[in-house]
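Here is the structure we will look at, set down as structure tokens.
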Amino acid sequence: MANLRTAMDSAFWDLNVSSPHTLEGSAKAIPGDPFPIDGARASRVLRIQQLSLLGNGFPLGIIPSYSPTSHKDLGSFSLQSLLLRPATSNWWLGLIGQFRPKKLISSIKAEFSTNDDMEVPTFKDVAKHVLDKSLYSFGLCTQLLVAPSSSIKLSTEGHGEKKGRRNKFMLFHKAVNSIDGEVPTSLMPGLCAKAAFSYEKSQDLWRQKETKKDVMVKKDNGWFWRPSYDVRLKEPHAAVSGIFGGSCTAWFQDGHSPVAVELRGDEDNSTSTKKRSPFSADFFGSVCYSFQHGKFRELYGDLTRIDARLDICSASALAKRVINGLKSSSANSARDPMSSPRINLIFQQQVAGPIVFRVDSRVSLDSLPGKRGPHIEDFIYSLNYSLRLLRSGKVVAWYSPKRKEGMIELRVFEF
């Protein structure tokens, strides 16, 4: 079923979305934006760990990705590889290298075209283009286990065409249940406190349960165990589900004091002030319908699945829009993007064996300026290769025409 927890995670956590713009393979979703589509959620596996496994299935361990860059001559196509991966029982380190070949090919081709017909570019001329630092990007990541339940992760990456580096420090610590009912001091925020709750319910309209006959197959030399390619797709069914929740935030700063915001434009900079309320609260909800045909066991024609989910990102913004819509004087006022309900659609079709073609899309029920009716905000095409031994693991090759991005990922634990 479409991931109902996307609503909760988007409302409360800083949700990670897949992006080849960083060597880490992910970026934070923009706070206040609509919920991302399920296909855009970042893998729970670190990018370095993905490259370590995916490299075994690609020539020389080189993995392609696609993302636009501000320097058009570099092109969008790039090649990534894991260069180093030393590890011990409580520590590991990885070095990722990335190369964009378009500029190098264009530069060498230009050398041949500008020289005379009888003159061949020297090794020095070619080496100058090969050593162009704008072609390369490097990322270093390490993680150290400092205690049985705590670890430290450090990462840094630099792109040759950009100035500066992207550095990141993270502390992972297991959140345990307190015995006295008090919040653990290690989880207390320094600037604000945020709380959320949710209630979810799922109901099968019909479901064909997995039986022993489905799992065991008899052949000439005996019985063999044949599970589904993906345990989440093993039972044909039709089901409805829903989630409802709320979140509240309290800021430990005087909300009536103006907060300076610097706006950077193409020509000049300006500064504006905004007032932030010391306390805010909102509700959110999602309703989903799921239909699946097939058990995803056979080589062909054993999986067709459709998921449709209606998301209400902000109940307060939706209510405000309805009230303003009843007032003619407010008809032309700016609309909050969170006020529009959205429909997420997922279509999955088995191609052959463990290979599945999938389309994720998000449709806004709002109208664009100058256009009436719903419109597509985002959609992603992907090919998924399910790894039966990992129960629900898969290799995903996806492309987003809207974002003009694409990459190959390893995704596991997608429950």
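Determine the gain in length on full extension of the stretch I343-F357; use 0.36 nm per residue of separation and subtract their C-alpha separation, reporting nm with one decimal.
Contour length minus Cα-Cα distance gives 3.0 nm.
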Count charges around D73 for me, please; just the other residues with Cβ under 13 Å from its Cβ, Lys/Arg as +1, Asp/Glu as -1. +3
Spacing of the two label points (7 Å from each Cα toward its C-beta) at V322 and I62, in nm: 5.8 nm
Distance between Cα centroids, segment 387-405 to segment 53-119: provide it in whole Å. 21 Å
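Where Rh is the Kirkwood radius over the Cα pairs of segment 63-173, the temperature 4 °C and the viscosity 1.567 mPa s, what D in µm²/s does Stokes-Einstein return?
Values: Rh = 16.6 Å.
For these conditions, the coefficient is 78 µm²/s.
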Solvent-accessible surface (1.4 angstrom probe) belonging to R362, in square angstrom, nearest 10: 30 Å²
According to a simple spin-label model (label point 7 Å from Cα along Cα-to-Cβ), what is the distance in nm between Y399 and W91? 4.3 nm
Could you name the lysines in cross-link range of K219, using Cα to Cα under 25 Å and dropping any fewer than eight places away on the same chain? K209, K234, K295
Cut-off 15 Å, label point 7 angstrom out along Cα-to-Cβ of W225: give me the residues of segment 379-415 whose amide nitrogen falls inside. 388-392
Restricting to Cα pairs under 8 Å and 6 or more apart, the percent relative contact order of segment 63-173 works out to 20 percent
With label points set 7 Å from each Cα along the Cα-to-Cβ direction at S202 and S150, the distance between them in nm comes to 3.6 nm
Cross-link list K153/K194; K102/K162; K72/K162; K28/K168; K102/K404: which exceed 20 angstrom alpha carbon to alpha carbon? K153/K194
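Please report the net charge: other residues with Cβ closer than 9 Å to the Cβ of L233, K and R +1, D and E -1.
After counting each charged neighbour, the total is +2.
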Can you give the net charge of the other residues whose Cβ lies under 15 Å from the Cβ of S107, counting K and R as +1 and D and E as -1? +3
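The values are calculated or read from the model by the stated rules, or taken from the named source; none is laboratory data. Worth saying up front: this structure is predicted, and the values here are computed from it rather than measured. Counting neighbours? That spans all protein chains shown, and the Cβs are built from the backbone with ideal geometry, glycine included. When the accessible area is computed, the model is the full protein with side chains, heavy atoms only, and any ligands, DNA or RNA have been set aside. Shrake-Rupley method; radii C 1.70, N 1.55, O 1.52, S 1.80 Å.
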